[in-house]
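Trainee: I have a structure I would like to understand better, so I am pasting it below and will then ask my questions one at a time.
Read-outs throughout are calculated quantities, based only on the coordinates presented, and are distinct from any laboratory measurement. It should be emphasised that the depicted structure is a prediction, and the values quoted were computed from it without experimental measurement. All Cβ positions, even for glycine, are placed from backbone atoms using ideal geometry, and neighbour counts span all protein chains on display.
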Amino acid sequence: MASLQLSLPFSSASRFRHRPVLCANERQVLFNRIAPVYDNLNDLLSLGQHRIWKRMSVSWSGAKSGDNVLDVCCGSGDLTFLLSEKIGPDGKVRGLDFSKEQLSIASSRQELLRKACYKNIEWVEGDALDLPFSDCFFDAITMGYGLRNVVDKHKAFEEMFRVLKPGSTVSVLDFNKSTQPFTATIQEWMIDNVVVPVATGYGLAKEYEYLKSSIKEFLTGKELEELALEVGFSRAKHYEISGGLMGNLVATR
Ligand SMILES: C[S@@+](CC[C@H](N)C(=O)[O-])C[C@H]1O[C@@H](n2cnc3c(N)ncnc32)[C@H](O)[C@@H]1O
C-alpha cells in the first residue's frame, strides 16, 4: 500500500473540513485492493445485517417508481441494485464510484444476477467531490458507507445538494460516531477483536485498521445534521440504527 501521507489543508473556513487520515489517492488504492473480498467481508462482519440497513436507507431516500436516482460511492453496488428494484424499468439509476475494481465487480454482479429491472443501471467512474451531472438532476440520492471515506465531507454534501431536485432527499448510511462512551467502546472492541482479526485472515489487516480512525475522524449524528443544514438542505434528521452502532442521515433539499 502507498505510504500514509497527509493531504493539503482545505481552504474553506467550515469547521467540517479538516485534515483526513488518508488522502484521496490512498483511499482509492485501498478500495481497489479490498474489492475482491469486500462483499464477503460485509456479510461475515455484520452477520448479514448490512442488507437490512441498506434496505432501510433506500426506503428513507424516498425513491419511487420511474425516478431518476443516484447512488454515490456505490462500491460493488448493493444500494444501487436495491434502488434499481425500487424505481423499476421506467426509472434510471446511476452508481458512481472512483474505484475501477469496485465498479468492475458491480458490473459483473449485474450480469450474473440478470434481473430485468437491472437494465436501468448505469455505472459511472467518477468523484463524489465533483459529480459529473447537471444541477437539479436527481429525484433521490443514496450514499452507503461513503461519506466517512471522502476526504472533504462538506464538498460531498455541496455536490449532492447541487444535483438533487428541490424537495428531494439524500439518505446517507454509515457507521455512527456515537457520543455514548459505552456504544463507542463496543464499536472499538468489535473492530479490534472481530473486524481486524477476520480481515487479517484475508491479508487486509492494514486496510481494516483504517476503519477505526475513519470513525474517529467522522461526524456525530448532530454534526451531520448541522453540516447538511449549513450546505443548504431545508431539513436534516439523523437516525441511529442497531443500538447506535450505525446511523442514517436523511436530508431534504
Ligand atoms: C465502504 S465502500 C461502500 C460501498 C457501498 N456503497 C456499500 O455500501 O457497500 C466506500 C466506497 O466509496 C468509494 N469512494 C471513496 N471516496 C470516493 C470519492 N471521492 N469518489 C467516489 N467514490 C469514492 C470507494 O471507492 C468505495 O467503493
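Trainee: May I ask you to sort MET56, MET143, MET246, MET160 by Cβ crowding, counting other Cβ atoms within 10 Å and putting the fewest first?
Mentor: By the 10 Å Cβ count, ascending: MET56, MET246, MET160, MET143.
Trainee: Along segment 197-203, what does the Karplus equation 6.51 cos²θ - 1.76 cosθ + 1.60 (θ = phi - 60°) give for ³J(HN,Hα), rounded to whole Hz, x for Gly and Pro?
Mentor: x, 5, 4, 4, x, 9, x
Trainee: Please work out how much length the chain gains when fully extended from GLU188 to LYS119, using 0.36 nm per residue of separation minus the C-alpha to C-alpha distance, in nm with one decimal.
Mentor: Extra length available between GLU188 and LYS119 comes to 20.8 nm.
Trainee: Per the Kirkwood treatment, what hydrodynamic radius in Å, one decimal, follows for the chain from the mean inverse distance over all distinct Cα pairs?
Mentor: Taking every pair of different Cα atoms in the chain, averaging 1/r and inverting gives 18.3 Å.
Trainee: Now a separate question. Going through the cross-link list LYS153/LYS237; LYS153/LYS216; LYS100/LYS206; LYS64/LYS222; LYS64/LYS119, which pairs have a Cα-Cα distance over 25 Å in this structure?
Mentor: With Cα atoms farther than 25 Å apart: LYS64/LYS222.
Trainee: A further question on this structure: Using 0.36 nm per residue of separation minus the Cα-Cα distance, give me the extension gain between VAL37 and TYR239 in nm, one decimal.
Mentor: 69.8 nm
Trainee: If you don't mind, another one. Using θ = phi - 60° and the Karplus curve 6.51 cos²θ - 1.76 cosθ + 1.60, what whole-Hz ³J(HN,Hα) does each residue of segment 118-125 get, with Gly and Pro shown as x?
Mentor: 5, 5, 7, 9, 10, 8, 10, 7
Trainee: When the dipole is taken about the Cα centre of the chain, and only Lys, Arg (+1) and Asp, Glu (-1) are charged at their Cβ, what size is it in debye, to the nearest 20?
Mentor: 300
Trainee: Quick one: order ASP174, ASP97 by neighbouring beta-carbon count within 10 Å, fewest to most.
Mentor: Least to most surrounded, the residues fall as ASP174, ASP97.
Trainee: Follow-up. Calculate the translational D of segment 128-253 in whole µm² s⁻¹ from Stokes-Einstein, where the hydrodynamic radius comes from the Kirkwood formula applied to all Cα pairs, the temperature is 4 °C and the viscosity 1.567 mPa s.
Mentor: In µm²/s, the coefficient rounds to 84.
Trainee: Quick check: pseudo-label points 7 Å beyond the Cα along Cα→Cβ at CYS23 and SER134, how many nm apart are they?
Mentor: If labels sit at CYS23 and SER134, their model points lie 3.5 nm apart.
Trainee: How far is it, in nm, from the label point at SER107 to the one at SER59 when both lie 7 Å from their Cα along the line to the Cβ?
Mentor: Simple spin-label model gives 3.3 nm for this pair.
Trainee: OK, next. Once the dipole of the chain is set up with Lys and Arg at +1 and Asp and Glu at -1 on Cβ about the Cα centre, which of ILE141, CYS74, ALA35 lies farthest towards its positive end?
Mentor: ILE141
Trainee: For CYS136, CYS73, what ranking results if the residue with the fewest other Cβ atoms within 10 Å of its Cβ goes first?
Mentor: Going from sparsest to densest Cβ surroundings: CYS136, CYS73.
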